[in-house]
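The values are calculated or read from the model by the stated rules, or taken from the named source; none is laboratory data. All values derive from a computational prediction rather than experimental measurement. Every residue, glycine among them, receives a Cβ derived from its backbone with ideal geometry; neighbour counts consider all protein chains shown.
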Amino acid sequence: MHVLGTLTIDDFLRDYWQKKPLLIRNAWPNFQPLLSSQELAGLSLEEDIESRLIIEHGEHSPWQVEQGPFDETRFGQLPERQWTLLIQGVEQWIPEARTMLDAFRFVPSWRIDDLMISYAVDGGSVGPHYDQYDVFLLQAEGQREWRIGQHCDQDSSILEGASIRVLTEFEEQTRYLLEPGDMLYLPPQLAHYGIAQGECMTYSIGFRAPSQAELAQAFLDHNAMDLSEDSRYQDADLLTRPHCGEITRDDAERFQRVMQSLFADPMRLQRTLGLLMTEAKYPELLPEADDELTWQDVLNNVSPEQTIVRSEFARFAFSQHANEIDFFAVGQHWSLPTHCLHLVQRLCDHNHYVFAELLSESKTQEAQQLLLTLWQQNWLYIESE
């Protein structure tokens, strides 16, 4: 499904992605919410589901945040106005939500993070704020007014005493009233302030955007054991200096050259990115593996016409190299021969597969072993009737 209105994908990526906001009227015609407000509240009672309540005028602080799971009685104690319920990672629990995310695969799928659903009563909001990642805001039910403000950064002033990051200064540039099916795209670091006009639900499609610190940590975590002991700080061009305790700019440039050589291998960087970006959002919820399952067991229990589903918890990606392919799944890595390329592409490009199609691309031992491993980990399973 194309959700960009009259824009082509190329036009959107060139003119708007990470550059400026875009309002798309009727982006999702005749949109029907996946859940009612009561069903959404029911999810917040579950221990495994990430949920929050944000109350603008809380008992203990402004913009008070309460973490779920909640008790049913809590909702009867809330004020009539100005509170919001947020449910994170809905695609992990509702298959239709995962299908929704497929509409945004014009961005690399490993960049897509999750679907968050926000239910708010009249006046409900999370305050003027900014995000460090791109977001599409799809109006699912009711109306929400969005006010768009200034570009922000880590030096932007944040309200003291609040439980969430609320801007103390908001310089409104424009505002939009979104109806069901309308969608607003916002690039990173752009201040925005959404206010419910009566009861409403908004679906937020967010994207993974690891910080410099997260990328550096991931690189060290995944590569430290392979780094050479011979690559060290060197100063064969050393000259005498008047103060022996001084660290000069030349010293810093020598250090920089060591670090640049560390990140000079594109394959190493691709593998780091693949491992990081396929990590499970909720690793503690991953299913138990069945290591005793064999390839023959799979063949005996799955008919060719059956549909196979990728687990809602499983993220896949791949990289191509001259003589091999890297396949990434749930923060793990496999090096495969190039004849596995079509299988790997199919696994990464889709969430549903006809088993016969997977079999046709799994004639070799390496391909069959990959499918078996994914099956053992319960990252592939048979679609229920």
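Summary table below
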| read-out | value |
| --- | --- |
| Scope region 172-203; condition in a strand (DSSP E or B) and either charged (D, E, K, R) or outside the structural domain of C152 (by TED's automatic domain parsing) (or both); matching residues | R175, E199 |
| Restricting region 78-105 to residues that are in contact with a Gly (Cβ under 6 Å, 6 or more places away or on another chain) and not aromatic (F, W, Y), the residue that is surrounded by the most Cβ atoms within 10 Å (Cβ to Cβ) | T84 |
| Options I55, I49: the member that is assigned by TED's automatic domain parsing to the domain that holds D182, in a loop (DSSP other than H, G, I, E, B) and more than 23 Å from L186 (Cα to Cα) | I49 |
| Test set (1) surrounded by fewer than 13 Cβ atoms within 10 Å (Cβ to Cβ); (2) closer than 18 Å to Q132 by Cα - Q234 fails condition number | (2) |
| Matching entry among A367, A314 (being among the small types (G, A, S), surrounded by 20 or more Cβ atoms within 10 Å (Cβ to Cβ) and in a loop (DSSP other than H, G, I, E, B)) | A314 |
| Subset of region 59-77 that is in a loop (DSSP other than H, G, I, E, B) and touching a residue at least 24 places away in the same chain (Cβ under 8 Å) - its residue that is surrounded by the most Cβ atoms within 10 Å (Cβ to Cβ) | G68 |
| Test: residue in region 201-219 that is farther than 30 Å from F106 by Cα and surrounded by fewer than 14 Cβ atoms within 10 Å (Cβ to Cβ) | no |
| Among the residues listed as F263, F219, F207, the single one being within 30 Å of T174 (Cβ to Cβ) and not β-branched (V, I, T) | F207 |
| Unique match (being at pLDDT below 95 and either in the same structural domain as S311 (by TED's automatic domain parsing) or in a helix (DSSP H, G or I) (or both)) among E91, E96 | E96 |
| Boolean, E305 is of a type in the set (D, E, K, R), surrounded by fewer than 17 Cβ atoms within 10 Å (Cβ to Cβ) and at pLDDT 95 or above | yes |
| Checklist (1) surrounded by 14 or more Cβ atoms within 10 Å (Cβ to Cβ); (2) basic (K, R); (3) farther than 24 Å from P180 by Cβ applied to K19, failing item | (1) |
| Residue selected from region 260-277 under the condition hydrophobic (A, V, I, L, M, F, W, C) and within 21 Å of G331 (Cβ to Cβ), by the criterion surrounded by the most Cβ atoms within 10 Å (Cβ to Cβ) | L275 |
| Qualifying positions in region 124-145 - among the acidic types (D, E) and within 22 Å of G181 (Cα to Cα) | D134, E141, E145 |
| Pair list, Cβ under 8 Å, 6 or more apart: region 206-222 residue more than 23 Å from I87 (Cβ to Cβ), other residue of a type in the set (F, W, Y) and in a loop (DSSP other than H, G, I, E, B) | F219/F263 |
| Members of region 356-380 that are more than 13 Å from L299 (Cα to Cα) and among the aromatic types (F, W, Y) | W379 |
| Residue tally, condition in contact with an Asp or Glu (Cβ under 6 Å, 6 or more places away or on another chain) and over 21 Å from I54 (Cα atoms), over region 190-230 | 2 |
